[in-house]
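Reading through the structure tokens given below for one structure.
The values are calculated or read from the model by the stated rules, or taken from the named source; none is laboratory data. Computed from a prediction, not measured in an experiment: that's the story for all the values here. We place every Cβ from the backbone using ideal geometry, glycine too, and count neighbours over all the protein chains shown.
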Amino acid sequence: MKAVVYQAPYHLSVEEVADPRVEEPLDAVIRITTANICGSDLHPYEGRADLEAGMVLGHENMGIVEEVGPGVNRIKKGDRVSVPFNLACGTCRNCTDGWTSACLRANPSGQPGAGYGYPNMGPYWGGQAEYLRVPWADFNLLHLPEGDEHESDFTMLSDIFPTGYHGTELAQVTPGKTVAIFGAGPVGLMAAHSASLRGASQIFVVDHQPDRLALAEQAGATAVNVAEADVVESIMEGTDGFGVDCGVEAVGYQAHDPSGDEHPAMVLDNLVQVVRATGRIGVVGVYVPQDPKAATEPAKEGRVEFDFGTAFTNGISIGTGQCPVKRYNEQLRDLIIRGVATPSFIVSHEVSLDDAVDAYKKFDERADGYTKVLLHPSAA
């Protein structure tokens with residue numbers, strides 16, 4: 001099959017690799033119809049997370065079931081499905097508690113949590129390819145309506161829509177609450193969309209990319225351009241000096257200012273300043289235990305020195321971690337079906353696998369308008 005293969009930092013290839021096959025009784029093989037490029041894919045692309053050469057990339061996947069193992073009895077050939085980026089066994093303690101993002105069995109390394117085509121998440125090839133093997137298929141796959149309706153919406157169910165929603169859940173956004181979201185990339189925009197769905201009365205989105213801030217305004221948020229305004233002052237003034245009830249961190253460990261200089265604690269420091277006493281912060285931007293190319297010595301060891309003293313003094317609660325996609329994806333699917341949620345508003349480009357290398361380059365460079373790229377293996 002044709003696939004997007006990682007070779008080295010800034011070096012990808014589109015090449016023929018072995019077709020996936022059913023290896024275990026609970027496996028399924030999916031024919032990919034859409035696979036997205038995720039901002040997290042840029043971590044190995046930029047050399048900021050180690051990945052072995054030869055790995056097929058892609059953890060945001062959907063498609064049609066082509067084959068199932070003899071132990072699969074819920075999913076069948078021909079089903080249209082969404083594939084959560086969390087690969088989970090469904091039977092370990094964390095899975096049965098609903099934390100599929102920290103499955104204790106799926107990752108052979110012993111690290112909690114497994115996924116497709118990503119560093120430290122196991123040996124599983126990703127879905128930026130024509131086909132994908134899905135272990136524990138009955139547990140992991142989400143049924144979608146037949147046909148191709150809502151394709152660009154449903155493809156967000158594998159990761160970024162649930163992840164954005166998870167940020168608002170960790171921050172406990174409820175009707176009437178005010179929220180500040182730092183980062184107007186795809187996850188931050190999905191957090192803004194989710195905050196609106198949850199009834200937030202006021203939503204601020206902070207970034208320095210004008211095209212992404214324009215999308216935030218489209219989602220009903222107040223855009224705050226960090227290159228043009230003091231973020232803390234803007235949000236405090238916008239809330240009559242009170243601060244927001246909830247904050248969402250959707251940037252992660254490579255946080256940087258408009259000039260490109262990295263400041264690992266910048267976003268967390270700002271959130272502590274704008275979230276009111278006893279408020280909550282949800283951190284869904286990625287942080288890692290080691291980052292040898294980090295801007296500070298502590299950050300190289302995963303230590304981010306932010307203003308925890310103020311957070312403690314103000315009684316701010318902070319929730320963190322990867323999204324357990326299965327906790328939310330069925331409900332979010334139904335919101336899409338009924339026309340309540342439309343996460344596809346962030347889609348900027350749809351290209352074939354043959355154009356993936358160029359799309360990665362432009363997405364990494366934050367080329368104007370490159371917000372969310374969808375790959376279609378069957379496209380000419």
Test for R366: is it surrounded by 14 or more Cβ atoms within 10 Å (Cβ to Cβ), assigned to a loop (DSSP other than H, G, I, E, B) and of a type in the set (K, R) = yes
inquiry  = Contact list please: Cβ distance under 6 Å, first residue in region 166-177 and in contact (Cβ under 8 Å) with a residue 24 or more places away in the chain and surrounded by fewer than 23 Cβ atoms within 10 Å (Cβ to Cβ), second residue in a loop (DSSP other than H, G, I, E, B) and not β-branched (V, I, T), pairs at least six apart or on different chains.
reply    = P175/G199; G176/S201; K177/A200
ask   = Within region 271-286, can you find the residues that are assigned to a helix (DSSP H, G or I) and more than 22 Å from the chain's Cα centre (by Cα)?
value = V272, Q273, V274
task = Please name all residue pairs, on different chains or six or more residues apart, with Cβ atoms under 8 Å, provided the first residue is in region 301-323 and is hydrophobic (A, V, I, L, M, F, W, C) and the second residue is assigned to a loop (DSSP other than H, G, I, E, B).
result = V304/Y253; V304/P264; V304/A265; V304/Y287; F306/A265; C323/D159; C323/V284
message = Which residue is nearest to R21 (Cα to Cα), if the candidates are limited to region 32-51 and must be under 17 Å from the mean Cα position of the chain (by Cα) and β-branched (V, I, T)?
response = T34
message = Would you confirm whether or not region 45-68 contains a residue that is more than 20 Å from K2 (Cβ to Cβ) and surrounded by 23 or more Cβ atoms within 10 Å (Cβ to Cβ)?
response = yes
note = Here the residues within region 47-78 that are touching a strand residue (DSSP E or B) at 6+ places or on another chain (Cβ under 8 Å) and of a type in the set (A, V, I, L, M, F, W, C) are L51, A53, M55, V56, L57, M62, I64, V65, V68, V72, I75
query = Can you tell me which residues in region 300-343 are in a helix (DSSP H, G or I) and more than 25 Å from H59 (Cα to Cα)?
reply = K300, F308, G309, T310, A311, F312, T313
ask   = Does any residue of region 233-249 turn out to be buried (at least 16 other Cβ atoms within 10 Å of the Cβ), among the hydroxyl-bearing types (S, T, Y) and closer than 19 Å to P44 by Cα?
value = no
message = Please go through region 8-32 and give me each residue that is closer than 19 Å to L87 by Cα and either out of contact with any helix residue (DSSP H, G or I) (no Cβ under 8 Å at 6 or more places or on another chain) or among the polar types (S, T, N, Q) (or both), ordered by number.
response = P20, R21, V22, E23, E24, P25, V29, I30, R31, I32
note = Within region 102-137, restricting to residues that are in a loop (DSSP other than H, G, I, E, B) and aliphatic (A, V, I, L, M), the one that is surrounded by the most Cβ atoms within 10 Å (Cβ to Cβ) is A114
Pairs, first within 21 Å of L374 (Cα to Cα) and without any contact (Cβ under 8 Å) to a residue 12 or more places away in the chain in region 119-132, second of a type outside the set (G, A, S) and crowded, with 24+ Cβ neighbours inside 10 Å, C-beta under 9 Å, six or more apart = none
query = Restricting region 99-114 to residues that are under 16 Å from the mean Cα position of the chain (by Cα) and hydroxyl-bearing (S, T, Y), which is farthest from T163 (Cα to Cα)?
reply = T100
task = Considering only region 183-211, state which residues are in a helix (DSSP H, G or I), out of contact with any strand residue (DSSP E or B) (no Cβ under 6 Å at 6 or more places or on another chain) and crowded, with 24+ Cβ neighbours inside 10 Å.
result = P186, V187, L189, M190, H193, S194
note = In region 250-273, anything surrounded by fewer than 20 Cβ atoms within 10 Å (Cβ to Cβ) and among the hydroxyl-bearing types (S, T, Y) is listed as S259
ask   = Does D240 qualify as being closer than 22 Å to S196 by Cα and in the same structural domain as A200 (by TED's automatic domain parsing)?
value = yes
Number of positions in region 28-43 that are farther than 18 Å from E350 by Cβ and in contact with a strand residue (DSSP E or B) (Cβ under 6 Å, 6 or more places away or on another chain) = 3
